[in-house]
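The structure appears right after this line, and notes come after that.
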């Protein structure tokens, strides 16, 4: 994902300048942004404080992490299912499922503290 030139704090500062009475075109000229970008920021961050923006970013990061975790688990599940379907008899099928269970990563469902 591309990194923004402006942080959430800077974006909120820009929006507060506009709320204080500066026109949108003056704000855009001052910070070198397009009108479309300004209005997109206003729709996303309008009325927020800096702490709210930080909470929003933290929730988006957690959501991204959870989606990645779900995708990994679904991939493992599909691989295990394919493995068990290839086995013809019940004993081989049971053995392949046990093998898949051992191959599953030993990861906690909790988000790592450093991420």
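Read-outs: derived from the displayed coordinates by stated rules, not from any lab. Treat the numbers as computed from the prediction; the structure is a model and nothing was measured. Positions of Cβ are generated from backbone atoms using ideal geometry, with glycine treated the same way; all protein chains shown enter the neighbour counts.
Modelled label positions at residue 68 and residue 29, each set 7 Å beyond Cα in the direction of Cβ, lie 4.3 nm from each other. For the pair the range 1-26 and the range 31-53, the centres of their Cα atoms are 5 angstrom apart.
A simple packing score, the average count of other Cβ atoms within 10 Å per residue, orders the peptides 69-82, 5-18 as 5-18, 69-82, with the highest score first.
The fewest-to-most ranking of 41, 65 by surrounding Cβ atoms within 10 Å reads 65, 41. Label-to-label distance, residue 76 versus residue 5, with points set 7 angstrom from Cα along the beta-carbon direction: 4.3 nm. Working from label points 7 Å from Cα in the Cα-to-Cβ sense, the residue 59 to residue 19 distance is 1.8 nm.
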